[in-house]
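Here is the structure we will look at, set down as structure tokens.
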Amino acid sequence: MATSDDGGVKEARGAGLPVGAPVDGVWPSIGVASPPPDAPRRADAERLAAVAVCARDLDAALDETRDERELASRALRGALVALRADGGSLWLGDEGPLTCVAAEGREAEALVDVELPAADAVATADEIGATALAVPLADRDGARGTAHGVLRVAREGDAALPFDATDRALLEAVAASASLALGAASRLRATDRGDDLALLAEMSREIASTLDLDRVLRTAVNLAARAIAFDRGALALYEDGACDIRAVAGADAVDAKAEAMQDLAVRGAWAAGAGEPFYLSDRTAPASDAERIFLQIFSDDLAAAGVGSGLYLPLKDEEGVVGILLFEAERADFADERQRELASILASQATVAIRNAQLYKQVPLADALGAFNVRRKALLGMPRRRRALLAGVGVVAIAALTLVRWPLRVVAAHPVFRPAGGGADARALVDGVIERMLVGEGAAVVRGAPVAQLRDAAERADRDAALAAADADEREATLAASRGDAAQERMLRLRAETWRREASLADEQLRLTMVRAPVSGLVLTPHLEERIGARVAAGDPVLAVGGMDTLELEFGVEQRDVARVRVGDEVRLRVDALPQRTFAGHVVALGSLPSDTADGDVTFPVRAAVPNPDRLLRPGMVAQARVLTAPASVAGRLLRGPARTLRLLLWRMWS
């Protein structure tokens, strides 16, 4: 809300906003209506007790929450009780604008999260029917010289009593308690963050301590119990289009064929196919479209398993989806934002560890190579023949790292399906008004089939009139012939022929009022019934027809990877509607100019043709796609990023 907006200031004042400026770094406490000097009031025992209760409540709240808004709300409620006020607000801001974090009373909902510049934070003096009082909040360490907020209360109505010096002292006591509580909460949050970092460091060490894949999986899912409280946790690997549960928290072995594990794997496959972290906060009250879609598919399974909420974290990197780390609990909203953040970081660490373990498992004689590095001195004392044998083993391992190659996947940015060739428009051949639509959206049509009819009443009337005139002239010509009047007969027959030519022209106009499909395919235009009655000119499109057997996938490729993409490269993709199925296509065109992106990344447009024989894919669908580019070895993949960084660094240093 800008203070320069007269309407905004008026609304802020009516809601109890503080307006004004600090003097020498200290916020003034101003009561709007000063009581008569001969009418002082004494603070009674109940109000003093309310101030003490508020201080104790704020101190006890630190054991339950670190949330700044919750503490501010409690402080404001205590101030309203102690000063017997009708409403108020609490504003915070370390440097710069103040933000309303808690409000009670009139227009409280509209006041929360409103910002005002610090220079306008003092009580108003022109409220009608209300008496207001504002005091500053000292900084978070309780210092008096500076302020980081304002606590304001107001009494409303014609009979409202003005605040006095005792009221100000009570409000300042509440403000002091609020400042100390908010400062303690800030320090506790910093302590919690330090504990989180220590926990993450410990998790990272434990996950990276082994290259055995099964042990990595068990370690990752069991470590999660230190960061988040759940009833069931599992980790599934996503390989060859299948999602298999490989580790369960607290269990040494997993029966993947058990019905509960299969149901869990299906839920994990859905989340892995989505490719983004997904949190089901409450099975009985979905809060987002993603949660509603998830519940439409798995509501019965979740109810049977007694799941109230769940957290599903895909394990993915630039190579694609590795697996899914998932947690479920019987209670609703089992993980707060901090716990979800820790779980997400653990998922990232687990992804790296799983990739390393998988690569290690794929490398021939990796154990022998590791033993050679660890026991180098012992190997030097071995017989020459044995050293030669081990040297041969090392050569084979290095060859595997450098010679074994498979396609490198390049991520497709913002892929969207479009009709192949862009479709074709069925256009009106003459001016007119659309009278009927002869097809519906999604209907299959062949080339030349009628799809719409323009209004043709006038053309039909002209044709019928011309034919009637021709018949009349023919009858007159016959009578003239019977009378022997040859000249009259010829004239009438010539005029009848002229009328027939006009009728033929009217028939041609009638044929042009029929709009026909320009190509064979499906009708792509939605809501065709809304087009009825619309006026079109000759050449205007009436509806679009496009083929669906093959679709075009448009996406972007980052500039660092665009040189690897070639026309003809295979593209593999999945869509949210069918996460269990992988579709394939091939690149047909590469753009030479970069696309405009909102995030500032430079991407180049690429088009791929994707066969769609079953017509399961639809234009407009969003996909997750990867381009399989030229093969690269393990060593090439590992050194690709560092080598690029090193080249750029050297170029900057020596250019």
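The values are calculated or read from the model by the stated rules, or taken from the named source; none is laboratory data. Source: prediction; values computed, not measured. So basically every Cβ, Gly included, is an ideal-geometry build from the backbone, and we count neighbours across all protein chains shown. Note: accessible area is taken over every heavy atom of the protein model, side chains too, but ligands, DNA and RNA are not part of it. Shrake-Rupley method; radii C 1.70, N 1.55, O 1.52, S 1.80 Å.
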Inset, instruction - Please indicate, with yes or no, whether at least one residue in the stretch 114-131 is farther than 15 Å from residue 86 by Cα and modelled with pLDDT of 85 or more. - result: no
Legend entry - Every pair of residues 6+ apart whose Cβ atoms lie under 7 Å, when the first sits in the stretch 436-454 and is charged (D, E, K, R) while the second is modelled with pLDDT of 85 or more and not in a loop (DSSP other than H, G, I, E, B): 436/452
Legend entry - Matching residues, the stretch 435-475, being touching a strand residue (DSSP E or B) at 6+ places or on another chain (Cβ under 7 Å) and either of a type outside the set (Gly, Ala, Ser) or within 30 Å of residue 488 (Cα to Cα) (or both): 435, 436, 437, 438, 439, 441, 445, 450, 451, 453, 454, 455
Inset, instruction - State yes or no: is residue 502 over 55 Å from the mean Cα position of the chain (by Cα) and among the acidic types (Asp, Glu)? - result: yes
Inset, instruction - For residues that are surrounded by 14 or more Cβ atoms within 10 Å (Cβ to Cβ) and of a type outside the set (A, V, I, L, M, F, W, C), scanning just the stretch 508-537, find the one that is farthest from residue 426 (Cα to Cα). - result: 509
Legend entry - Selection status of residue 437, closer than 19 Å to residue 536 by Cβ and either of a type outside the set (Phe, Trp, Tyr) or open to solvent by 30 Å² or more (accessible area, probe 1.4 Å) (or both): yes
Legend entry - Among (1) among the hydrophobic types (A, V, I, L, M, F, W, C); (2) more than 14 Å from residue 622 (Cα to Cα); (3) out of contact with any Asp or Glu (no Cβ under 7 Å at 6 or more places or on another chain), the one test that residue 575 misses: (2)
Inset, instruction - Could you tell me whether any residue of the stretch 63-82 is assigned to a strand (DSSP E or B) and either modelled with pLDDT under 75 or open to solvent by less than 70 Å² (accessible area, probe 1.4 Å) (or both)? - result: no
Inset, instruction - List the strands (runs of 3 or more DSSP E) that sit entirely inside the stretch 420-483 and contain at least 2 residues that are modelled with pLDDT of 85 or more. - result: 432-437, 450-454
Inset, instruction - Please work out if residue 504 is among the hydroxyl-bearing types (Ser, Thr, Tyr), open to solvent by less than 80 Å² (accessible area, probe 1.4 Å) and out of contact with any Cys (no Cβ under 8 Å at 6 or more places or on another chain). - result: yes
Legend entry - Where residue 549 falls short, out of the listed (1) more than 30 Å from residue 293 (Cβ to Cβ); (2) surrounded by fewer than 19 Cβ atoms within 10 Å (Cβ to Cβ); (3) over 25 Å from the mean Cα position of the chain (by Cα): (1)
Inset, instruction - Take the stretch 440-453 and flag every residue that is of a type in the set (A, V, I, L, M) and open to solvent by less than 20 Å² (accessible area, probe 1.4 Å). - result: 445, 451, 452
Legend entry - Residue count, the stretch 246-277 (criterion: at pLDDT below 85, aliphatic (A, V, I, L, M) and assigned to a strand (DSSP E or B)): 0
Inset, instruction - Among residues belonging to the stretch 159-214 that are modelled with pLDDT under 70 and not in a helix (DSSP H, G or I), point out the one that is least open to solvent (accessible area, probe 1.4 Å). - result: 210
Inset, instruction - Out of 338, 384, 375, report the one residue that is of a type in the set (Lys, Arg) and either closer than 21 Å to residue 222 by Cβ or modelled with pLDDT of 80 or more (or both). - result: 338
Inset, instruction - Among what's in the stretch 83-117 and is assigned to a loop (DSSP other than H, G, I, E, B) and free of Cβ contacts under 8 Å to residues at least 40 places away in the same chain, pick the residue that is nearest to residue 155 (Cα to Cα). - result: 112
